[in-house]
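Following: one structure in structure tokens, then a few remarks.
Coordinate-derived values only; no laboratory data. Computed from a predicted structure; not experimentally measured. Here the Cβ positions follow ideal geometry from the backbone for every residue, glycine too, while neighbour counts run over all protein chains shown.
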Amino acid sequence: MSLHVSSEEMQRGSNSDEDEKDMTPAQSRRKAQNRAAQRAFRERKERHVKDLEAKLAALEKNSLSISEENERLKLQLQKTATENEILKATSALPSVPSALPNTAPLQYKPTDFYSDLLQPHENKTPSHRIVMSENGERLLAAGATWDYIIKHPLYIKGYVDVGHVSERLKGAAKCDGQGPVFEESAILDAIEKSVASGSDELL
């Protein structure tokens, strides 16, 4: 294989060789140092680009889990905000505690609650099952729903009419394959509306 070199290229190469021959030792060292510095700069730049690409890949990999965590936190924040609003509303009614004594557990038994809540459903066995929905919200079976209601601060204070809550939840039941379950947000909403309904009746 033959190499064809133009006279112009030969001239440039000759000029470069002559320039280097004309350089002093100090100039030659500086030129070598400049070349080494340029090579080191290119290597650092390549490493930096590779680091950025690796970080980007890691961020893209975690983006889905971060989005799901954000949705879960939003639901938790909404639930907490709802509970705070209920507490603020009831604390502004000083006559309510005296008008509604803490007798709710005696007025409504769990067996009555299960019978009433599960009446439209074929499976009438109360379960304390708690599962998670696809969007990250808790789903409570009838037994777990009763436990949730009677542990709620508003129920303990005697503000909640369990019969009203049961009526509101009848149409909100979902099925998880084992029986009826109720979204935690729906239970909170029923409790809130029960309290609001009781307050309206006192006015």
Taking the mean number of other Cβ atoms within 10 Å as a proxy for protection, how do you rank 65-71, 178-184 from highest to lowest? 178-184, 65-71
Contour minus Cα-Cα distance for K61 and E43 (0.36 nm per residue): 3.7 nm
Quarter of the surface of the C-alpha convex hull for region 110-203, i.e. direction-averaged projected area in nm², equals 6.0 nm²
For L139, other-chain or 5+-apart residues with amide H closer than 5 Å (H placed, Pro excluded) are V131, M132, S133
Quick one: length gained pulling K31 to T82 fully straight, 0.36 nm per residue minus the C-alpha distance? 11.1 nm
